[in-house]
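The values are calculated or read from the model by the stated rules, or taken from the named source; none is laboratory data. Keep in mind it's a predicted model, so treat the numbers as computed, not measured. Note that we place each Cβ from the backbone using ideal geometry, even for glycine, and neighbour counts take in every protein chain shown.
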Amino acid sequence: VFNPLPFERNEAPQVFIDFPREKLYRAFSIYDDQGQKVSHQVLSLEESYVIPIEPHELPTSYYTTKWKVAFEAKNLPALGFKTFTVKPEEGRKSNYGSQITATNTLENEFLKVKIEPNGTLTITDKNSGAVYPNLLWFEDCGESGDPWSRIPPVGDGNLIYNSLGNSAEIRQVCDGPLTTTFAIKIKMNLPAEVIRSTKKRSAVEKELPITTFITLHKGDPKLHLAIDLDNTIKDHRLRIMFDSGFRPEKSISSGQFDVLERAVFLPDTSDWLEPYTGTQPNNGGVWVENGKRGLAVLNFGLPEYEVFDNESGTVAMTLLRGFGYPKMSGIAREDLVERVGNEGSQCLGIQHYELDLFFYSGDWQTAGVLRHEREHKYPVMSVHHGRFAGKGLTKCESFLKIEPETLYLTALEKSESGQDYVARFYNPSEDTVEALLQLKFPVNQAVALDLNEEPALEIKIDDPCRIKITVSKKKIISVLLKHA
């Protein structure tokens with residue numbers, strides 16, 4: 001199991017394990033690199049086959065029994081791997097334990113999650129005792145804009161629809177001691193499109209089915225959301241909504257090489273040609289806090305968000321914004337151009353999204369929000385392999401560890417010469433920190449580079465496997481590491 005982040009972490013990865021079908025194995029155990037048995041949970045079992053490909057050998061298929069399993073992978077090394085061994089056993093084993101504590105309620109050490117009849121969530125943060133109702137609902141509105149501008153339809157075509165009045169279909173997908181998943185399905189009836197001649201949404205409605213899978217892992221303070229939908233609607237914007245339960249003064253989001261704060265209150269710009277809309281960009285995470293508690297919405301590939309200036313402190317993440325041509329705003333001459341074959345901009349068909357919710361006390365830095373943001377963006381990777389020589393590697397290795405954890409690694413790449421390596425990271429905090437890079441392999445030279453990767457400063461080396469460097473606030477650092 002490979003951890004791509006420069007700090008240790010605990011995870012419950014889901015993997016597939018194939019046994020020869022003729023062996024009829026019905027039980028097995030998983031052991032870590034020290035030979036200690038680790039907990040696991042069987043998620044599914046089916047008959048399958050594999051086609052292993054070996055150098056200088058013809059591919060051959062083997063009939064197998066395929067197990068889908070979640071298991072505890074603790075203390076995964078920083079930017080490294082840990083090897084786990086699977087050993088078949090006699091007899092049968094069952095998943096003992098459950099995270100379901102009541103009807104449509106799941107719970108672990110950190111969170112209690114209740115699914116309401118309309119599909120929203122009420123979540124209790126056990127550490128602070130704070131209760132967050134009205135999480136996970138959907139909002140839809142018409143769209144007459146283009147890739148650059150969000151423009152609502154005119155008149156009553158600008159009505160906003162939401163899922164709060166819907167009834168949800170709730171079902172249990174899996175449950176056990178390590179992971180529990182529920183599926184929440186709702187259906188929204190929405191106008192099919194915007195009519196070009198009137199620039200209003202159509203009176204004809206179509207059904208938009210949305211299924212959200214919520215997953216809670218043992219020992220994980222985050223709630224995982226996976227949303228699947230089949231978009232049949234044109235000319236609309238669909239957002240997923242989370243009420244924080246307090247009125248925040250600012251929103252905080254991860255950006256390119258920085259963490260950004262923006263005021264939630266917007267000035268009156270109604271007389272501007274392009275007034276403020278409230279939407280802002282993010283690069284993987286948005287959070288709000290009030291000094292006592294906070295809510296972080298972590299995502300991958302959802303660059304637009306908005307935080308409402310209301311008592312609920314609603315955080316909205318745009319899932320999709322579909323639009324067509326010609327442009328309907330009338331602001332530019334583009335509305336005179338007839339374009340066809342642009343269905344791709346409508347985002348029709350099957351769509352999939354993944355988000356995490358993280359609840360915390362205090363401020364985002366002491367709560368380690370950026371750590372959880374990176375864990376969501378960069379999941380662990382599992383590889384199934386047989387015995388191999390290893391070329392000097394043990395069953396558990398860390399190649400690079402960076403301290404403190406607040407430093408954000410963005411690249412580890414080969415240098416322009418191809419002989420050495422460059423590590424690039426930044427300090428998002430307002431404080432100067434002393435960075436420590438702990439390396440698997442020794443280096444005989446370390447050089448701080450500028451953004452053109454030209455030498456800027458020679459770094460003194462006292463220990464060839466431990467490089468120290470001072471990083472000022474909001475600073476981007478690139479370090480050339482030359483092998484010893």
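Checking G362 against (1) surrounded by fewer than 16 Cβ atoms within 10 Å (Cβ to Cβ); (2) at pLDDT 75 or above; (3) under 26 Å from R239 (Cβ atoms); (4) in the same structural domain as L135 (by TED's automatic domain parsing), only one condition comes out false. Which one?
Of the numbered conditions (1) surrounded by fewer than 16 Cβ atoms within 10 Å (Cβ to Cβ); (2) at pLDDT 75 or above; (3) under 26 Å from R239 (Cβ atoms); (4) in the same structural domain as L135 (by TED's automatic domain parsing), the odd one out for G362 is (3).
Conditions first: (1) in contact with a strand residue (DSSP E or B) (Cβ under 8 Å, 6 or more places away or on another chain); (2) part of a loop (DSSP other than H, G, I, E, B). D18 passes all but one, so which condition is the exception?
(2)
Of everything in the range 30-42 that's surrounded by 13 or more Cβ atoms within 10 Å (Cβ to Cβ) and in a loop (DSSP other than H, G, I, E, B), which residue is farthest from the chain's Cα centre (by Cα)? First the steps, then the outcome.
From the range 30-42, those surrounded by 13 or more Cβ atoms within 10 Å (Cβ to Cβ) are 30-33, 38-42; that's our starting set.
Within this subset, residues satisfying the condition of being in a loop (DSSP other than H, G, I, E, B) are 32-33, 39.
Working: D32: 27, D33: 28, S39: 25 Å.
Per the stated criteria, the residue is D33.
Would you point out which residue out of A78, A70 is assigned to a loop (DSSP other than H, G, I, E, B), under 23 Å from the mean Cα position of the chain (by Cα) and surrounded by 18 or more Cβ atoms within 10 Å (Cβ to Cβ)?
Numbers: A70 fails: assigned to a loop (DSSP other than H, G, I, E, B).
Answer to the check: A78.
Considering only residues that are in contact with a Gly (Cβ under 8 Å, 6 or more places away or on another chain) and assigned to a loop (DSSP other than H, G, I, E, B), look in the range 197-234 and name the one that is farthest from A12 (Cα to Cα).
In this case the residue turns out to be T198.
Across the range 43-67, which residue is modelled with the lowest pLDDT among those that are under 24 Å from K395 (Cβ atoms) and surrounded by 12 or more Cβ atoms within 10 Å (Cβ to Cβ)?
Filtering first and then ranking leaves V50.
In the range 1-43, which residue that is touching a residue at least 60 places away in the same chain (Cβ under 8 Å) and small (G, A, S) is nearest to A78 (Cα to Cα)?
Per the stated criteria, the residue is A12.
Can you confirm whether the range 288-311 contains a residue that is over 19 Å from D243 (Cβ atoms), among the aromatic types (F, W, Y) and either touching a Ser or Thr at 6+ places or on another chain (Cβ under 7 Å) or modelled with pLDDT of 95 or more (or both)?
Within the range 288-311, none of the residues are over 19 Å from D243 (Cβ atoms), among the aromatic types (F, W, Y) and either touching a Ser or Thr at 6+ places or on another chain (Cβ under 7 Å) or modelled with pLDDT of 95 or more (or both).
Out of F16, F7, I need the residue that is within 30 Å of L216 (Cα to Cα), buried (at least 16 other Cβ atoms within 10 Å of the Cβ), at pLDDT 95 or above and not polar (S, T, N, Q). Which one?
Working: F16 fails: at pLDDT 95 or above.
Sole residue among the options that is within 30 Å of L216 (Cα to Cα), buried (at least 16 other Cβ atoms within 10 Å of the Cβ), at pLDDT 95 or above and not polar (S, T, N, Q): F7.
What is the residue count in the range 143-186 for residues that are without any contact (Cβ under 8 Å) to a residue 24 or more places away in the chain and of a type in the set (A, V, I, L, M)?
1
Could you go through the range 261-279 and let me know if any residue there is assigned by TED's automatic domain parsing to the domain that holds S149, in a strand (DSSP E or B) and buried (at least 20 other Cβ atoms within 10 Å of the Cβ). It would help to see each step written out before you state the result.
So the first thing to find is which residues in the range 261-279 are assigned by TED's automatic domain parsing to the domain that holds S149, and the list is 261-279.
Keeping just the survivors that are in a strand (DSSP E or B) gives 261-263.
Okay, now just the ones that are also buried (at least 20 other Cβ atoms within 10 Å of the Cβ), so none.
Within the range 261-279 (the criterion being assigned by TED's automatic domain parsing to the domain that holds S149, in a strand (DSSP E or B) and buried (at least 20 other Cβ atoms within 10 Å of the Cβ)), the answer is no, since none of the residues qualifies.
Are any residues in the range 122-169 basic (K, R) and either within 15 Å of H236 (Cα to Cα) or buried (at least 19 other Cβ atoms within 10 Å of the Cβ) (or both), and if so, which ones?
To start, the set of residues in the range 122-169 that are basic (K, R) comprises 126, 150.
Result: R150, single match.
Is it the case that A130 is among the hydrophobic types (A, V, I, L, M, F, W, C) and touching a His at 6+ places or on another chain (Cβ under 7 Å)?
no
Can you name every residue in the range 1-29 that is more than 22 Å from the chain's Cα centre (by Cα) and among the basic types (K, R)?
Correct list: R21, K23, R26.
Sort out which residues of the range 425-454 are closer than 17 Å to R371 by Cβ and either without any contact (Cβ under 8 Å) to a residue 12 or more places away in the chain or not assigned by TED's automatic domain parsing to the domain that holds K468 (or both), and write them in order of number.
Hits for the range 425-454: nothing passes.
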